[in-house]
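Data block below; observations after.
Nothing in this text is a laboratory measurement; each read-out follows from the coordinates by a stated rule. What you are looking at is a predicted structure, and each value in this text was computed from that prediction instead of being measured. Please note: Cβ atoms are built from the backbone with ideal geometry, for glycine as well, and neighbour counts cover all protein chains shown.
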Amino acid sequence: PENEAAMLNRAIAYLRAGRFDDAKKDYEALENIHPNQFQIQYGLGEIAWQQKDTNTAVRHYQNYITNAPAVSAEAVFVADRLTKLTGEKPK
């Protein structure tokens, strides 16, 4: 539980395996420690998107855009998804 890198890797593995509740538990524990870490916001956004929780997905994706490097392929992907969810380009 104290190894944050292992917890993040486990959250990613759960997310990729479709074990959203398990992934969410790890991501939320990490979010309590690092609320603005973009990797955590991405994971929580993906879980919400998969579960069709649009408002939560938008919130996490907006937090991701605020904190992530803007030039990565992942940031472009998130910005595109956010535009599709809200109808507006992220700032």
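If you place +1 on the Cβ of every Lys and Arg, -1 on the Cβ of every Asp and Glu, and leave all else neutral, what size is the dipole of the chain about its Cα centre, to the nearest 20 Debye?
Approximately 320 debye in magnitude.
Taking only DSSP H segments of four or more residues, each worth -39500 (n - 2.57), what value at 222 nm results for the chain once the sum is divided by all its residues, to the nearest 500 deg cm²/dmol?
Roughly -24000 deg cm²/dmol at 222 nm, from the helical runs in the chain.
Give me the net charge for the shell around Arg81: Cβ to Cβ below 14 angstrom, other residues only, Lys and Arg +1, Asp and Glu -1.
-1
For the chain, what is the relative contact order in percent, using Cα pairs closer than 8 Å and at least 6 residues apart in sequence?
Relative contact order for the chain comes out at 19 percent.
Which loop-located trypsin sites (Lys or Arg not before Pro) does the stretch 20-82 contain, where loop means any DSSP state but H, G, I, E or B and the Cβ has at most 14 other Cβ atoms within 10 Å?
Lys52
Counting Lys and Arg as +1 and Asp and Glu as -1, each charge on the Cβ, what is the dipole of the stretch 1-47 about the Cα centre in debye, to the nearest 20?
Approximately 160 debye in magnitude.
Longest span of the chain, sites excluded, free of GluC sites (Glu not before Pro) in DSSP loop with at most 15 other C-beta atoms within 10 Å?
It works out to 3-87.
What does the charge add up to near Arg16, with Lys and Arg as +1, Asp and Glu as -1, over the other residues with Cβ less than 13 Å from its Cβ?
That sum, taken over residues with Cβ under 13 Å, equals -1.
Taking the dipole about the Cα centre of the chain, with the C-beta of Lys and Arg at +1 and of Asp and Glu at -1, give me whichever of Asn36, Ile65, Pro90 is farthest to the positive side.
Positive-most Cα among the choices belongs to Pro90.
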